[in-house]
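Novice: My questions will all concern the structure given below.
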Amino acid sequence: MTAQKNSFSVALFSVLFGLIIGAVIMLVFGYNPISGYVALLGSAFGSMQDIGSVLTQMTPLILTALGFTVAQTAGFFNIGLSGQALAGWVGAVWYALSFPDMPAYLMIPSALILGTGLGALASAIPGWLRAQFGASEVIVTIMMNYILLFLGNNILQNTMAKGIKDSAETTKQVGANASLQMKWLTDLTQGSSISAGIFIALLMIVVVWFIMTKTTLGFEIRAVGLNADAAKYAGMSAKRNAVVAMAISGGLAGLAGTIEGLGNYLNFFTQNGSPAIGFDGMAVALLGGGSYLGVLAAAAIFSVLKIGGLGMPMSSGVPFELVDIVTASIIFFVGASYLIQLIQKRVQAMDEKAAQTAAAKKAAKVGSATDKNQKGGE
């Protein structure tokens, strides 16, 4: 409970300090911070379409943040969420366009499974390399981002059939049989690109929470993350759990990419860089502090900043780039607090070890003195 309170307070103060820094910067450059933030909130909640855009932005962030959280719980840093999301996006759209006549009740579940599986495969490879050879998953997943980015673009430009492309740079839109958009949702949000993906993301919060806290698999992943040697001594396979945790992490990212392809954009197009949803998802996970409800709240905050920031230049003259400064400041304070807490834990552990060593030496001296006294008495 104390840890949860600490995480909540860290997140709360990080957001507060980030907003304060944003306000200071606005003042320095001659902008009114009050009108700037009022414009931000107005752009995020001013209409049902704006709210729909916020929910659309939240959807992939929730899933990639969950993916990062699972990997982090197992003791890994999955930096490849962007590439894994891209793998799911490319695969799902390609599959949907290749079978335009497949009924929706078969197409949608199979496309979601395919995209999730491709993301899981893309992440399981670094997990296996870490488990078998001790390779750094950080370096491998970073490199995988580039591999998957260029592979996805190459598939679009040189492998996909011409009949499913509008040009060499973009595919046609997926048909109604594969679309996750729902008419009643679109009408409710005045034409936004919100889709059923938001419900999938909310469901996955519950599913991941249940797996990680209520199942044997989740217990083993947490045990390996806390102490791999102790877990191994208890009969758990650290290597197997490493691969499984990374696969789950990548699968969630692949699902995020699939929803982007079938729910938001409805197509795939040449990417100039890895999708931002992967890196933003990492930031959301850090702000969430390991809490699954925290992930939901953090995703909402980031989405409000992103969508609300788009309307700031028109309403108040404040440039959109300020939102990036606020976001970066929030993550800076989260990271700084995490570093401080980590140092405190290390120092505390060293103090405890020193105290145990001193107590052991004292006990040994007392025992030695007792033995001498007994011998002297004899």
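The values are calculated or read from the model by the stated rules, or taken from the named source; none is laboratory data. All of these numbers come straight from a predicted model, not from anything done at the bench. Note that each Cβ is placed from the backbone with ideal geometry, even for glycine, and that neighbours are counted across all protein chains shown. Side chains included, ligands, DNA and RNA excluded: accessible areas come from the protein's heavy atoms. Shrake-Rupley method; radii C 1.70, N 1.55, O 1.52, S 1.80 Å.
Novice: Scan the stretch 253-283 residue by residue and report those that are among the aliphatic types (A, V, I, L, M) and either closer than 12 Å to THR59 by Cβ or touching a strand residue (DSSP E or B) at 6+ places or on another chain (Cβ under 9 Å) (or both).
Specialist: LEU255, ALA256, ILE259, LEU262, ILE277
Novice: Okay, moving on. Which pairs do you get when a residue that is closer than 16 Å to PHE45 by Cα and open to solvent by 30 Å² or more (accessible area, probe 1.4 Å), found in the stretch 165-194, comes within reach of a residue that is outside any strand (DSSP E or B) and of a type outside the set (Ser, Thr, Tyr), reach meaning Cβ atoms under 6 angstrom, with the pair 6+ apart or on two chains?
Specialist: Taking only residues 6 or more apart or on different chains, the pairs are GLN190/MET48; GLN190/GLN49; SER193/ASN264.
Novice: Hey, can you tell me all the residues within the stretch 221-269 that are polar (S, T, N, Q) and open to solvent by 30 Å² or more (accessible area, probe 1.4 Å)?
Specialist: Answer for the stretch 221-269, where residues must be polar (S, T, N, Q) and open to solvent by 30 Å² or more (accessible area, probe 1.4 Å): ASN227, SER237, ASN264.
Conditions (1) closer than 30 Å to ALA242 by Cβ; (2) β-branched (Val, Ile, Thr), marked per residue:
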site: TRP184; (1), (2): no, no
site: THR189; (1), (2): no, yes
site: SER192; (1), (2): no, no
site: SER195; (1), (2): no, no
site: PHE199; (1), (2): no, no
site: ILE211; (1), (2): yes, yes
site: LYS214; (1), (2): yes, no
site: PHE219; (1), (2): yes, no
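Novice: Give just the number: which of (1) closer than 15 Å to ILE277 by Cβ; (2) open to solvent by 10 Å² or more (accessible area, probe 1.4 Å); (3) of a type in the set (A, V, I, L, M, F, W, C) does PHE77 not satisfy?
Specialist: So PHE77 meets the others, but not (1).
Rundown of residues vs (1) closer than 24 Å to MET204 by Cα; (2) out of contact with any Leu (no Cβ under 7 Å at 6 or more places or on another chain), yes/no style:
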site: ALA23; (1), (2): no, yes
site: GLN49; (1), (2): no, yes
site: VAL54; (1), (2): yes, yes
site: GLY67; (1), (2): yes, no
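Novice: Being under 27 Å from SER193 (Cα atoms), in contact with a helix residue (DSSP H, G or I) (Cβ under 7 Å, 6 or more places away or on another chain), part of a helix (DSSP H, G or I) and modelled with pLDDT under 90 narrows it down to one residue among ILE301, ILE325; which is it?
Specialist: ILE325
Novice: Starting from the stretch 244-261, take each residue that is assigned to a helix (DSSP H, G or I) and list its partners that are among the basic types (Lys, Arg) and open to solvent by 10 Å² or more (accessible area, probe 1.4 Å), counting only C-beta distances under 8 angstrom and pairs at least six apart or across chains.
Specialist: Close Cβ pairs (under 8 Å, with a partner that is among the basic types (Lys, Arg) and open to solvent by 10 Å² or more (accessible area, probe 1.4 Å)) amount to MET246/ARG130.
Novice: Residues of the stretch 211-220 being open to solvent by 40 Å² or more (accessible area, probe 1.4 Å) and either of a type in the set (Gly, Ala, Ser) or touching a helix residue (DSSP H, G or I) at 6+ places or on another chain (Cβ under 8 Å) (or both), which ones?
Specialist: Passing the criteria: ILE211, LEU217.
Novice: Something else now. Being more than 25 Å from SER110 (Cβ to Cβ) and either among the acidic types (Asp, Glu) or not in a helix (DSSP H, G or I) (or both) is the requirement here; does GLY191 meet it?
Specialist: Yes; evaluated as a whole, the condition is true for this residue.
Novice: While we're here: Against the definition (under 17 Å from the mean Cα position of the chain (by Cα), assigned to a helix (DSSP H, G or I) and either surrounded by fewer than 21 Cβ atoms within 10 Å (Cβ to Cβ) or in contact (Cβ under 8 Å) with a residue 60 or more places away in the chain (or both)), how does GLY52 come out, yes or no?
Specialist: In short, no.
Novice: Do you know which residues across the stretch 104-126 are open to solvent by less than 50 Å² (accessible area, probe 1.4 Å) and either closer than 10 Å to LEU255 by Cα or over 19 Å from the mean Cα position of the chain (by Cα) (or both)? Don't jump to the end; show me each part of the working.
Specialist: Residues of the stretch 104-126 that are open to solvent by less than 50 Å² (accessible area, probe 1.4 Å), as a first pass: 104, 107-108, 110-112, 115-117, 119-120, 122-124, 126.
Correct list: ALA104, MET107, ILE108, SER110, ALA111, LEU112, GLY115, THR116, GLY117, GLY119, ALA120.
Novice: Restricting the stretch 9-31 to residues that are closer than 16 Å to GLY309 by Cβ and either β-branched (Val, Ile, Thr) or not in a helix (DSSP H, G or I) (or both), which is least open to solvent (accessible area, probe 1.4 Å)?
Specialist: Checked the stretch 9-31; the qualifying residue least open to solvent (accessible area, probe 1.4 Å) is VAL15.
Novice: Out of the stretch 32-49, which residues are open to solvent by 40 Å² or more (accessible area, probe 1.4 Å), in a helix (DSSP H, G or I) and of a type in the set (S, T, N, Q)?
Specialist: Within the stretch 32-49, SER35, GLN49 qualify.
Novice: So, in the stretch 90-106, exactly how many residues are farther than 21 Å from THR159 by Cβ and of a type in the set (A, V, I, L, M)? So that I can check it myself, show each step before the final result.
Specialist: Narrowing the stretch 90-106 to residues farther than 21 Å from THR159 by Cβ: 101, 103-106.
With the extra rule that they be of a type in the set (A, V, I, L, M), the set shrinks to 104, 106.
Residues in the stretch 90-106 being farther than 21 Å from THR159 by Cβ and of a type in the set (A, V, I, L, M): 2 in total.
Novice: Look through GLN72, GLN157, GLN84 and report the one residue that is more than 21 Å from the chain's Cα centre (by Cα) and in a helix (DSSP H, G or I).
Specialist: GLN157
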